[in-house]
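Novice: Supplied in structure tokens, the structure appears directly below.
The values are calculated or read from the model by the stated rules, or taken from the named source; none is laboratory data. All values derive from a computational prediction rather than experimental measurement. Every residue, glycine as well, gets a Cβ built from its backbone with ideal geometry; the counts of neighbours run over all protein chains shown.
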Amino acid sequence: MRAARLQAPGQLIVEEVPRPLPGPLDLLVRVEACGICGSDRHMFRGEFPTAKPVTLGHEFSGIVEEAGVGVDSFPIGTRLTGDPNISCGQCENCLAGRPNLCPSLSAIGVHRDGGFAEYVLVPAAQAVALPAGLDPLHGAFCEPVSCCLHAIDVARIAPGASVVILGGGVIGLLMVELARLAGAGPVVLSTRQAPRRALALELGAHHAVDASADPVGTIRALLPGGADVVFECAGVGETVRQSVAMARRGGTVVLFGVVPEGEEVLLAPFELLTKELRLESAWLNPLTHGRAAELIAVGALSLDRLITRTIRLDEVPAAIAGAPQAGEIKLVMAG
Ligand code: NAP
């Protein structure tokens, strides 16, 4: 079969490799769709540790083609998504329901072969069935949606709470939809690109603010006293600082964007203290993959609006190596 393999930083090549054989408790899945995530670009550049060589791709959906010994819950032909994050299930954090913090965490598409291939091996314990009629491109959104759902859980949004989201990439736009579903209002997105602001309004945001023109002042004018909940979804030092400034006294800030490792951000503890802010962070998708699949299966999210381009496996290396094109939101490989 063909697979896009990361050989070394900067070297992602589509090549012929043996089709994997499912071991006990494994499923062999024919990949129908796999999303390109910002982390794939970080891994390509060597900014995030991976196995090497490894087939990238952790946001996939597909069809069960073969089942290993001991798997009877996923008949051949089942459409499914796989939670790529595999935890040990036995450590203190796993037992406490926090598998995202497992010290032995490994991931499909990072430490073992992933979905930018014709086939991917998925341990049955990581698989979540999808409706037979679901668009596989939508199935590929289960992983990013599951991460966003964890952030929504961490935020503990009360009905009618005001929410500000910083960063209008695919994550920020998904957060707009999920915050609305969680009962927030008003929901405000702050981002620099005008088309993304327009899309956010179509997706249900009550306001969209130009992040290049005094976003803190604009939020203070819109939400006197500040927002109940702020999600930082840009992964930029500047927006981390803005998050704190935009939150109301007693409010919550959830750090979700990945600020590059080693980068420092200057915050004023006095402001955190006197506002008694709940400064939270949300990492990966502890026990939320199934809920994400359910939300997607019932069509609760407008995912077609987020897919700006579908590509073939051959085009994956160039798409990951290059910067996102102007106006691009989500790129998905269609198998
Ligand atoms: P993305 O496509 O890079 O989107 C981030 C967007 O933030 C940018 O496109 C940009 O849009 C906006 N931005 C940049 N600087 C800004 C500024 N100063 N003010 C306001 N907006 C700014 O990334 P994504 O895929 O949506 O992911 C968002 C973040 O979540 C990334 O850091 C990603 O690594 C992280 N992430 C975290 C988890 C987790 O588990 N915590 C999971 C998945 C992803 P404009 O050009 O319109 O401003």
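Novice: Is at least one residue of region 165-177 crowded, with 17+ Cβ neighbours inside 10 Å and away from the ligand (no atom under 14 Å from the Cβ)?
Specialist: In the first step, residues of region 165-177 are kept if they are crowded, with 17+ Cβ neighbours inside 10 Å; the result is 165-177.
Keeping just the survivors that are away from the ligand (no atom under 14 Å from the Cβ) gives none.
So far as region 165-177 goes, no, none of its residues is crowded, with 17+ Cβ neighbours inside 10 Å and away from the ligand (no atom under 14 Å from the Cβ).
Novice: Residue under question is ILE36, and the condition is that it be surrounded by 15 or more Cβ atoms within 10 Å (Cβ to Cβ) and touching a residue at least 60 places away in the same chain (Cβ under 8 Å); does it hold? Walk me through how you get there before you give the answer.
Specialist: Values: surrounded by 15 or more Cβ atoms within 10 Å (Cβ to Cβ): yes; touching a residue at least 60 places away in the same chain (Cβ under 8 Å): yes.
Yes.
Novice: Can ALA182 be described as away from the ligand (no atom under 12 Å from the Cβ), outside the structural domain of ILE329 (by TED's automatic domain parsing), buried (at least 19 other Cβ atoms within 10 Å of the Cβ) and within 24 Å of ILE307 (Cα to Cα)? Walk me through how you get there before you give the answer.
Specialist: Values: away from the ligand (no atom under 12 Å from the Cβ): yes; outside the structural domain of ILE329 (by TED's automatic domain parsing): yes; buried (at least 19 other Cβ atoms within 10 Å of the Cβ): yes; within 24 Å of ILE307 (Cα to Cα): yes.
When the stated conditions are applied, ALA182 passes them.
Novice: Could you please let me know if SER146 is over 16 Å from the mean Cα position of the chain (by Cα), crowded, with 24+ Cβ neighbours inside 10 Å and near the ligand (Cβ under 10 Å from one of its atoms)?
Specialist: Details: over 16 Å from the mean Cα position of the chain (by Cα): no; crowded, with 24+ Cβ neighbours inside 10 Å: yes; near the ligand (Cβ under 10 Å from one of its atoms): yes.
The answer is no for SER146.
Novice: Right, here's the next one. Within region 199-250, take every residue that is acidic (Asp, Glu) and away from the ligand (no atom under 11 Å from the Cβ) and give me the one that is farthest from GLY169 (Cα to Cα).
Specialist: Going through region 199-250, the residues acidic (Asp, Glu) turn out to be 202, 210, 214, 228, 232, 238.
Next, only the ones that are away from the ligand (no atom under 11 Å from the Cβ) stay: 202, 214, 228.
Numbers: GLU202: 15, ASP214: 19, ASP228: 22 Å.
The selected residue is ASP228.
Novice: Moving on. Could you tell me whether region 12-33 includes any residue that is under 14 Å from GLY139 (Cβ atoms), within 16 Å of the ligand (Cβ to nearest atom) and touching a Phe, Trp or Tyr at 6+ places or on another chain (Cβ under 7 Å)? Quick ask: steps written out before the conclusion?
Specialist: Quick first cut of region 12-33, residues under 14 Å from GLY139 (Cβ atoms) only: 29-33.
If we keep only those that are within 16 Å of the ligand (Cβ to nearest atom) too, we end up with none.
There is no residue in region 12-33 that is under 14 Å from GLY139 (Cβ atoms), within 16 Å of the ligand (Cβ to nearest atom) and touching a Phe, Trp or Tyr at 6+ places or on another chain (Cβ under 7 Å).
Novice: Considering only region 223-239, state which residues are in contact with a strand residue (DSSP E or B) (Cβ under 8 Å, 6 or more places away or on another chain) and surrounded by fewer than 17 Cβ atoms within 10 Å (Cβ to Cβ).
Specialist: GLY225 - this is the single residue of region 223-239 that is in contact with a strand residue (DSSP E or B) (Cβ under 8 Å, 6 or more places away or on another chain) and surrounded by fewer than 17 Cβ atoms within 10 Å (Cβ to Cβ).
Novice: For region 253-265, which positions are more than 18 Å from PRO215 (Cβ to Cβ) and either crowded, with 21+ Cβ neighbours inside 10 Å or not small (Gly, Ala, Ser) (or both)?
Specialist: Going residue by residue through region 253-265, those that are more than 18 Å from PRO215 (Cβ to Cβ) are 258, 260-264.
Across region 253-265, the qualifying residues are VAL258, PRO260, GLU261, GLU263, GLU264.
Novice: In addition: Hey, among the residues in region 98-113 that are within 17 Å of the chain's Cα centre (by Cα) and away from the ligand (no atom under 14 Å from the Cβ), which one's nearest to GLY57 (Cα to Cα)?
Specialist: It comes out as ILE108.
Novice: Being exposed (fewer than 14 other Cβ atoms within 10 Å of the Cβ), part of a loop (DSSP other than H, G, I, E, B) and touching a helix residue (DSSP H, G or I) at 6+ places or on another chain (Cβ under 8 Å): is that true of GLU276 here?
Specialist: Working: exposed (fewer than 14 other Cβ atoms within 10 Å of the Cβ): yes; part of a loop (DSSP other than H, G, I, E, B): yes; touching a helix residue (DSSP H, G or I) at 6+ places or on another chain (Cβ under 8 Å): no.
No.
Novice: Within the bounds of region 266-288, is there any residue that is in contact with a Phe, Trp or Tyr (Cβ under 9 Å, 6 or more places away or on another chain) and among the hydrophobic types (A, V, I, L, M, F, W, C)?
Specialist: Taking region 266-288 and keeping what is in contact with a Phe, Trp or Tyr (Cβ under 9 Å, 6 or more places away or on another chain), we get 281-283.
Imposing the further condition that a residue be among the hydrophobic types (A, V, I, L, M, F, W, C) reduces the set to 282-283.
Scanning region 266-288, I find at least one residue that is in contact with a Phe, Trp or Tyr (Cβ under 9 Å, 6 or more places away or on another chain) and among the hydrophobic types (A, V, I, L, M, F, W, C), so the answer is yes.
Novice: Name the single residue, out of those in region 185-198 being small (Gly, Ala, Ser) and more than 9 Å from the ligand (Cβ to nearest atom), that is farthest from PRO224 (Cα to Cα).
Specialist: Ranking the candidates gives ALA198 first.
Novice: Residue under question is LEU203, and the condition is that it be out of contact with any Pro (no Cβ under 7 Å at 6 or more places or on another chain) and more than 20 Å from LEU331 (Cα to Cα); does it hold? Before the answer, list the steps.
Specialist: Numbers: out of contact with any Pro (no Cβ under 7 Å at 6 or more places or on another chain): yes; more than 20 Å from LEU331 (Cα to Cα): no.
Spelling it out, it is not the case that LEU203 is out of contact with any Pro (no Cβ under 7 Å at 6 or more places or on another chain) and more than 20 Å from LEU331 (Cα to Cα).
Novice: Okay, moving on. Looking at region 295-314, is at least one residue in the same structural domain as MET175 (by TED's automatic domain parsing), at pLDDT 95 or above and in a strand (DSSP E or B)?
Specialist: no
Novice: How many residues, within region 149-164, are closer than 18 Å to GLY250 by Cα, within 11 Å of the ligand (Cβ to nearest atom) and of a type outside the set (A, V, I, L, M)?
Specialist: The number of residues fulfilling the criteria is 0.
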